[in-house]
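The values are calculated or read from the model by the stated rules, or taken from the named source; none is laboratory data. Here the structure is a predicted model, which means the values were calculated and not measured. FYI the Cβ positions are ideal-geometry reconstructions off the backbone, even for glycines, and counts take in every protein chain you see.
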């Protein structure tokens, strides 16, 4: 099972509920591999580290990295070269209101960097570089470029803002909407949750047909379309709920835990079914 975190497996306050903790353990005990596939950067995984399955990794930054959660080491970096980020920054400023009204930040394997005007809704690590222009604090590879404007949209304008970011990016990179209001997220061209998950499962000998995927936001759509069976939580974006195979209860009602419990029960019954088939 592949599951998104925020808005999906995690509750509204960003916690892992007791029922979900138990369900994750039951799934692992029944032989169900669960991989977290998230927009979060690897530095935000500390709170969920105890719940990562035996494989020990998470797919982060909308597919731009694969991370060893125990050490927060980036095992795979599918980031953007500095010249790509420079070109993207120019496009975004031109399309969204100019340098004084557009504010950028970058996530990389080394950490977080931002322009002075970028307001992070999460604590910024001490020592994180900051500059007037993001071009002056770029590392060799950027996992995600983040964009805000001085006129953040309300809920009714969120889809239009995401569309404007995607139009500005064009085919130079991949724009994603993880449901964070007024925040554009941009990864390298052809990078997505689906692409990295597909490569990861292929190395483990797992076919797409044998993967259940669950999410809530537009950035989950590629993963949900790729997986053999797709699920949305009831609180998910309307565009997500419209295309999945099944809808489970909301994240406030432990919808992923319900799904995990079902998966564990099916896995536990599988040996008995195989035994009956052999005896017949």
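General observations
- Conditions (1) over 16 Å from residue 256 (Cβ atoms); (2) free of Cβ contacts under 8 Å to residues at least 60 places away in the same chain: number failed by residue 16: (1)
- Residue 48 vs. criteria surrounded by fewer than 22 Cβ atoms within 10 Å (Cβ to Cβ), touching a strand residue (DSSP E or B) at 6+ places or on another chain (Cβ under 9 Å) and closer than 23 Å to residue 212 by Cβ: yes
- Subset of the stretch 141-155 that is in a loop (DSSP other than H, G, I, E, B) and in contact with a helix residue (DSSP H, G or I) (Cβ under 7 Å, 6 or more places away or on another chain) - its residue that is surrounded by the most Cβ atoms within 10 Å (Cβ to Cβ): 143
- Only one of 113, 158, 168 that is closer than 25 Å to residue 67 by Cβ and buried (at least 16 other Cβ atoms within 10 Å of the Cβ): 113
- Only one of the numbered conditions (1) modelled with pLDDT of 95 or more; (2) over 15 Å from residue 4 (Cβ atoms); (3) surrounded by fewer than 22 Cβ atoms within 10 Å (Cβ to Cβ) is not met by residue 226, and that is (2).
- Strands (runs of 3 or more DSSP E) wholly inside the stretch 165-280 that include at least 2 residues being over 27 Å from residue 106 (Cα atoms) and in contact with a helix residue (DSSP H, G or I) (Cβ under 7 Å, 6 or more places away or on another chain): 212-215, 229-233, 246-248
- Strands (runs of 3 or more DSSP E) wholly inside the stretch 1-100 that include at least 3 residues being within 19 Å of residue 219 (Cβ to Cβ): 57-60, 65-68
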